[in-house]
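These notes are about the structure you will find just below.
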Amino acid sequence: MNFKSLQKNLVTMQQNITISYDVFDRLEDLSSNDQKLLKAATEAAKGAYALYSKFHVGAAVLVENGDIIVGNNQENLAYPSGLCAERVAAFSASALHPNQKLMAIAITAFSEDFVTDKPIPPCGACRQVLIEYEIRDNQPMRCILRGSTGQIFVFHNMHDLLPLQGKFLG
Ligand code: THU
């Protein structure tokens, strides 16, 4: 019996994961609230401290009470000491509004060296941080992604960006 047929015998059930998200061609196609959030992220990217990567990321978190809390990447000569825009924004939002749910996050970026016409998906560590707020708040956190130009991708919750998180914990 070769490995492949052994493996086949051991599989009792195959599961599939489907992720749906919306794609928009233009900013004006978004709801006015989502436009506002993405614009706040775009403004925030301009303030990034991205001396080393020249890659400026902006994030904007919509808080339950309607406040928008922004963040941008903060770099440091000691590289690991820097932080992504998403975590700067989410940590600030949670610190400033500890009793408010985090409803949505918009993320965008531009580079000094190349065109970012595709969205910048959050890194794994940021997804982990964001999904924990989603679980804490028992509230889907929408995620709006765009490069500095191009299509806009709207995900409905953080679980879609970090599938299986917490699934086997009972
Ligand atoms: N960065 C973010 O802020 N968010 C992301 O989703 C990807 C990467 C930052 C980290 C670093 O300052 C620079 O972009 C280059 O990786």
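The values are calculated or read from the model by the stated rules, or taken from the named source; none is laboratory data. Since we're looking at a predicted model, the values are computed, not measured. Don't worry about glycine lacking a Cβ; one is built from the backbone with ideal geometry, like all the others, and counts go over all protein chains shown.
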**Report entry** Any hit, the stretch 6-20, residues being outside any loop (DSSP other than H, G, I, E, B) and closer than 22 Å to residue 158 by Cα
**Finding:** no
Query raised in the report: residue 76 versus (1) within 11 Å of the ligand (Cβ to nearest atom); (2) free of Cβ contacts under 8 Å to residues at least 40 places away in the same chain; (3) buried (at least 20 other Cβ atoms within 10 Å of the Cβ): which is the lone unmet condition?
Result: (3)
Report task. Among residues belonging to the stretch 27-73 that are assigned to a strand (DSSP E or B) and farther than 20 Å from residue 110 by Cα, point out the one that is farthest from the ligand (Cβ to nearest atom). Result -> 63
Report summary line: Of the candidates 131, 152, 69, the one satisfying the condition of being in contact (Cβ under 8 Å) with a residue 24 or more places away in the chain, within 25 Å of residue 15 (Cβ to Cβ) and not charged (D, E, K, R) is 131
Report task. Please find, within the stretch 11-40, the residue that is surrounded by the fewest Cβ atoms within 10 Å (Cβ to Cβ) out of those that are touching a helix residue (DSSP H, G or I) at 6+ places or on another chain (Cβ under 8 Å) and in contact (Cβ under 8 Å) with a residue 24 or more places away in the chain. Result -> 20
Query raised in the report: Condition test on residue 132, is it within 11 Å of the ligand (Cβ to nearest atom), surrounded by 15 or more Cβ atoms within 10 Å (Cβ to Cβ), acidic (Asp, Glu) and not in a loop (DSSP other than H, G, I, E, B)?
Result: no
Report summary line: Among (1) within 13 Å of the ligand (Cβ to nearest atom); (2) at pLDDT 95 or above; (3) buried (at least 22 other Cβ atoms within 10 Å of the Cβ), residue 120 falls short only on (2)
Report summary line: Across the stretch 98-112, the tally of residues that are free of Cβ contacts under 8 Å to residues at least 24 places away in the same chain and within 17 Å of residue 43 (Cβ to Cβ) stands at 0
Report summary line: Matching residues in the stretch 92-120 (within 20 Å of residue 52 (Cα to Cα) and assigned to a loop (DSSP other than H, G, I, E, B)) number 6
Requested in this report: Go through the stretch 79-97 residue by residue and tally those that are free of Cβ contacts under 8 Å to residues at least 40 places away in the same chain and either farther than 16 Å from residue 141 by Cβ or within 11 Å of the ligand (Cβ to nearest atom) (or both).
Outcome: 8
Query raised in the report: Within the stretch 79-91, is there a residue that is part of a strand (DSSP E or B) and either among the polar types (S, T, N, Q) or crowded, with 20+ Cβ neighbours inside 10 Å (or both)?
Result: no
Report summary line: Only one of (1) modelled with pLDDT under 95; (2) farther than 12 Å from residue 86 by Cα; (3) within 16 Å of the ligand (Cβ to nearest atom) does not apply to residue 158, and that is (1)
